[in-house]
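Structure, as structure tokens:
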Amino acid sequence: MGRAIRLLAVLVVAVVAFGGGYLFRSSLKPDLPYERPSYTLSGSVVVPGFELPPSELMSEEAKALLKLRAVVPAMAPDPSEAIDRTREGLAATLSPLVWAMGEAYPADVVDEVIADVPVRIFTPPGDEGDPDRVLINLHGGAFSMCWESCSVLESAPIASVGGYRVVSVNYRMAPEHTHPAALDDVEAVYRALLNDYGASSIGIYGCSAGGALTAQAAARFPRKSLPEPGAVGIFGAGAVRFGAGDSAYVAAFIDGSFPPPAKPDEQAGDLTHGYFDGADVRGPIVSPALHLETLSTFPPTLIITGTRAMDMSPAVYTNSRLIQAGVPTRMIVGEGMGHCYLYLSHLPEARDAYDAIAQFFRQNLN
């Protein structure tokens with residue numbers, strides 16, 4: 001106890017010396033060029049209004065996109081809207097991106113069924129793809145939408161760039177189904193592919209909900225006596241629930257695509273439309289990054305996020321925990337990029353990511 005008290009005393013002195021000193025100096029210089037944030041006794045930060053210019057490290061294409069948002073602002077999702085209408089609206093919004101992806105990264109597409117689960121198989125044009133390795137894609141969409149569009153946006157560029165056969169899984173979603181329905185479908189497809197490929201020759205990846213689902217699959221497989229895949233990719237997500245960490249708040253006010261998490265006394269809509277109702281969202285399957293023993297079984301992992309993405313904190317935290325668990329990990333953080341910027345095929349940052357994803361799986365799959 002004495003050591004803890006001494007440590008606390010040192011920390012208080014440090015705060016006074018650094019933070020308190022700044023506060024004292026600022027009180028003597030009211031003409032500072034900007035308004036400093038203030039802190040509450042609860043530890044919250046009150047951030048004054050400010051203007052965030054485009055990063056000088058962003059591509060010109062990304063800067064142009066930010067300028068476009070002055071005319072076409074980001075549309076925040078409305079969890080209270082009927083799911084059919086939400087799905088239709090998202091498909092309409094993403095249709096130009098799907099068309100652009102097909103133009104930039106053409107792929108042959110075939111709809112099939114594997115282990116009673118609908119899938120869409122992407123291969124390079126006129127080619128069956130890598131005969132020795134296969135990738136499983138788990139599409140984004142808040143566990144409730146985006147199969148038609150997101151399967152293309154996530155699979156076509158990797159099939160085209162990497163020469164892979166990519167199997168995109170149309171897993172069951174909310175509100176019609178709840179956890180672990182999607183995970184059951186992923187497991188069924190994975191078991192079927194193990195009949196034709198060694199586990200070390202299979203990679204799994206996804207963006208947003210698909211990235212989170214990828215982490216959940218890696219956490220679950222050993223518990224089902226299944227070998228881990230050769231490598232996984234967690235993009236636009238982390239191995240912990242969405243809404244955790246600083247980035248969910250920060251991105252809400254600098255990106256605007258998603259609202260900030262609800263305060264304790266406020267009610268917030270559920271973007272997953274109830275997919276995790278009744279589930280232990282801090283447990284080792286839904287949030288494996290909170291459990292080092294579970295995380296230690298993960299294969300080599302690639303994590304992709306952006307500095308303006310609401311998923312950056314879960315991604316950064318997952319990367320740090322993988323390092324603690326002794327798992328080989330690689331992380332890409334796109335400067336000035338928002339959530340799942342991989343969907344924007346015209347951005348140099350997205351194209352660089354496609355190359356990195358293809359290379360990562362090539363290096364880690366047998």
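Read-outs throughout are calculated quantities, based only on the coordinates presented, and are distinct from any laboratory measurement. The structure displayed is predicted, hence computed values, not measured ones. Virtual Cβ from ideal backbone geometry, glycine too; neighbours counted across all protein chains shown.
Within the chain, what is the longest stretch that has no chymotrypsin sites (Phe, Trp or Tyr not before Pro) placed in a DSSP loop and near at most 15 other beta-carbon atoms within 10 Å?
The longest uninterrupted stretch comes out as 51-366.
Going by amide H atoms built from the backbone, whose H comes under 5 Å of the H on MET331, apart from near neighbours?
The list, which skips near neighbours in sequence, is ILE303.
Please report the antiparallel percentage of DSSP beta bridges with both residues in the chain, rounded to the nearest 5.
Roughly 35 percent of the beta bridges in the chain run antiparallel, per DSSP.
Summing +1 for each Lys or Arg and -1 for each Asp or Glu, what net charge is found among the other residues whose Cβ lies under 12 Å from the Cβ of ASP127?
Every neighbour counted, the sum reads -2.
Report ³J(HN,Hα) in whole Hz for each residue of the stretch 312-323, in order, from the Karplus equation J = 6.51 cos²θ - 1.76 cosθ + 1.60 where θ = phi - 60°; Gly and Pro get x.
5, 4, x, 5, 5, 4, 4, 4, 5, 5, 4, 4
Taking the 0 to 90 degree range and rounding to the nearest ten, how far is the long axis of helix 147-162 tilted relative to the main principal axis of the chain, both from C-alpha atoms?
Its long axis makes an angle of about 80 degrees.
Based solely on its DSSP helices, what 222 nm [θ] is calculated for the chain when runs of n ≥ 4 H residues each add -39,500 (n - 2.57) and the sum is averaged over all residues, nearest 500 deg cm²/dmol?
-12000 deg cm²/dmol
Using a Gaussian network model of the chain whose springs link C-alpha atoms within less than 10 Å, name the residue from VAL71, VAL167, VAL117 with the highest mean-square fluctuation.
VAL71
For the stretch 83-364, calculate the relative contact order in percent as a whole number, restricting contacts to Cα pairs under 8 Å that are 6 or more residues apart.
Computed over the stretch 83-364, the figure is 18 percent.
Whose amide H sits under 5 Å from the amide H of ASP130, counting only residues 5 or more places off or on another chain, with H placed in the peptide plane?
Those lying under 5 Å, H to H, from ASP130 are TYR164, ARG165.
When the chain is treated as a GNM, springs tying every alpha-carbon pair under 10 Å, which of GLY245, GLY210, GLY49 comes out with the largest mean-square fluctuation?
With Cα springs under 10 Å in the chain, the top fluctuation among GLY245, GLY210, GLY49 is at GLY49.
When only alpha-carbon atoms count, how far does the stretch 131-272 stretch along each of its three principal axes, as whole angstroms with the largest first?
52, 33, 27
Compute the Cα gyration tensor for the stretch 83-364, then decide on rounded, prolate or oblate, letting a ≥ b ≥ c be the square roots of its eigenvalues: rounded whenever a/c is under 1.5, prolate when a/b is larger than b/c in the other cases, and oblate in all that remain.
rounded
VAL46 versus LYS224, label points 7 Å from Cα toward the beta carbon: distance in nm?
About 5.1 nm, to one decimal.
Work out how much length SER38 to GLU112 would gain on full extension: take 0.36 nm times their residue separation and subtract the Cα-Cα distance, in nm to one decimal.
21.0 nm
With everything on Cα atoms, drop me the angle between helix 209-220 and the longest principal axis of the chain, reported from 0 to 90° to the nearest 10.
Between helix and principal axis, roughly 80 degrees.
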